[in-house]
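Chemist: Have a look at this one.
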Amino acid sequence: MAGPTRPAVAAEESAIARLEVLPASEWARTVAGWLIVRLEQRPDLRVCLPTGDTPSPVYAELVAAEWMENASLAGATVVLLDEWLGLAPGDPGRSDVRLEDDLVGQLQGGVRRFARFAVDGPDGAPLAGAALAAAVAAQDAEAEHLDLVLVGIGGNGHVGFNEPGSTPSSPTRAVELEPTTLEGAVARYGAAARPTGGLTLGLDRILAAGEVWLLVTGEHKAAILREALEGPETSACPASFLRRHPRLTVFADAPAARLLAAPGQA
Ligand code: PGA
């Protein structure tokens with residue numbers, strides 16, 4: 001691993017266009033490099049992170065950078081973007097387990113705080129009713145005043161678990177998930193059971209952050225990325241609402257960007 005590609009901070013404003021199309025081989029190193037810049041600018045960064053196949057290679061680069069370059073998240077607060085309902089504590093498909101395995105638990109210096117949805121009752125039983133509402137409210141409070149939010153995009157245009165039908169004012173909440181999303185937990189993320197639903201930071205919280213990065217890789221995301229960036233702003237594709245954010249940067253690899261009309265000028 002060659003390590004993250006560190007952009008020159010002085011060149012930041014010109015280098016970080018709204019749409020960064022990168023060769024697939026450079027993508028993870030470049031995104032990690034920008035994240036390290038943000039951490040250097042603000043060691044107490046409050047950052048919301050997603051799980052999934054898209055960000056995993058970025059996290060591997062960050063872990064390597066901690067060794068090679070002293071890049072540290074020790075002062076950062078990491079707020080988890082979403083969580084499944086109906087998966088037992090420790091299930092490998094759980095978002096908290098995955099972010100722990102991919103990043104937080106791999107860092108020698110750790111993070112200052114890792115805020116996750118408290119979905120388990122004292123006996124490991126799933127929460128419901130008022131206790132679930134309290135867990136949602138607690139994570140929503142953790143997500144106030146975020147400096148930076150990283151999100152991926154689902155094949156159906158979701159952001160976190162803001163599924164189609166979500167609006168820019170959708171709050172942090174418990175949600176029903178589409179069958180494709182639920183099936184993905186088992187088929188793609190190795191969950192031991194099919195989840196029953198999810199909890200997500202709302203689009204309202206995501207859009208209120210200081211900066212938003214949309215991470216997109218792979219040819220299989222090309223059509224939905226085109227819809228998100230070049231289609232109408234619509235609840236049918238919640239990621240399209242990210243365009244409302246004044247500091248949105250889309251980090252796409254070339255295969256994901258291949259259907260865009262004008263790569264580099266979204
Ligand atoms: P992926 O998931 O990164 O595993 O493709 C993205 C998403 O569903 O939000």
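Readers should treat all values here as calculations from the given coordinates under stated rules, not as data from a laboratory. As the structure is a prediction and not an experimental result, all values here were calculated from the model. Methodologically, a virtual Cβ is constructed for each residue, glycine included, from the backbone with ideal geometry; neighbour enumeration extends over all protein chains shown.
Chemist: Search the structure for amide H atoms under 5 Å from the amide H of Val79, placed 1.01 Å from N in the peptide plane, and list their residues when 5 or more places away or on another chain.
Modeler: Placed amide hydrogens put Val47, Cys48, Leu49, Ala115 under 5 Å from Val79.
Chemist: 7 Å from Cα along Cα→Cβ at both Glu176 and Gln108: what's the point-to-point distance in nm?
Modeler: Spacing of the two 7 Å Cα→Cβ label points: 5.0 nm.
Chemist: Which far-off residues, 5 or more places away or on another chain, put their amide H under 5 Å from the one on Thr249, with H placed in the peptide plane?
Modeler: Here the answer is Val212, Trp213, Leu214, since their amide H atoms fall under 5 Å of that of Thr249.
Chemist: Shape verdict for region 121-213, please, from the Cα gyration tensor: rounded (a/c under 1.5), prolate (a/b greater than b/c) or oblate.
Modeler: Oblate shape, in that a/c is at least 1.5 and b/c is the bigger or equal ratio.
Chemist: Ok, one more. Label Ala138 and Ala223 with points 7 Å out from Cα along Cα→Cβ: what is the distance between them in nm?
Modeler: Spacing of the two 7 Å Cα→Cβ label points: 4.1 nm.
Chemist: Here is a further query. Please work out the Cα center distance from region 30-95 to region 197-260, rounded to the nearest Å.
Modeler: Region 30-95 and region 197-260 have Cα centres separated by 19 Å.
Chemist: So what are the ³J(HN,Hα) numbers for region 114-120, from phi and the Karplus equation (6.51, -1.76, 1.60; θ = phi - 60°), rounded to whole Hz, Gly and Pro as x?
Modeler: Karplus values, whole Hz, x for Gly and Pro: 10, 9, 10, 5, 8, 8, 9.
Chemist: Once a ≥ b ≥ c are taken as the square roots of the eigenvalues of the Cα gyration tensor of region 175-266, is the result rounded (a/c under 1.5), prolate (a/b larger than b/c) or oblate (a/b not larger than b/c)?
Modeler: Judged from the Cα gyration tensor, region 175-266 comes out oblate (a/c at least 1.5, b/c at or above a/b).
Chemist: Ok, one more. Return the long-range amide H neighbours of Leu177 (sequence gap of 5 or more, or a different chain), with a cut-off of under 5 Å between placed amide H atoms.
Modeler: So Leu177 has HN proximity to Gly198.
Chemist: Can you list which of the chymotrypsin sites (Phe, Trp or Tyr not before Pro) found in region 169-264 are DSSP loop residues with at most 13 other C-beta atoms within 10 Å?
Modeler: Counting only loop positions with at most 13 other Cβ atoms within 10 Å, none of the chymotrypsin sites (Phe, Trp or Tyr not before Pro) in region 169-264 qualifies.
Chemist: Quickly estimate the mean residue ellipticity at 222 nm for the chain, helices only: each DSSP H run with n ≥ 4 gives -39500 (n - 2.57), and the total goes over all residues, rounded to 500.
Modeler: Dividing the helical sum by the residues of the chain leaves -9000 deg cm²/dmol.
Chemist: Over the chain, what is the percentage of antiparallel beta bridges among all DSSP beta bridges, to the nearest 5?
Modeler: Around 30 percent of the beta bridges assigned by DSSP in the chain are antiparallel ones.
Chemist: In terms of the Cα gyration tensor, with a ≥ b ≥ c the square roots of its eigenvalues, is the chain rounded because a/c is under 1.5, prolate because a/b exceeds b/c, or oblate?
Modeler: oblate
Chemist: Let me ask something additional. Please work out how much length the chain gains when fully extended from Ser169 to Ala187, using 0.36 nm per residue of separation minus the C-alpha to C-alpha distance, in nm with one decimal.
Modeler: The Ser169-Ala187 span can extend by a further 3.4 nm.
Chemist: While we're looking at this one, here's another question. Filter the GluC sites (Glu not before Pro) in region 124-178 down to the DSSP loop ones having no more than 12 other Cβ atoms within 10 Å, then list what survives.
Modeler: Here the GluC sites (Glu not before Pro) that fit, given the DSSP loop and packing criteria, are Glu144.
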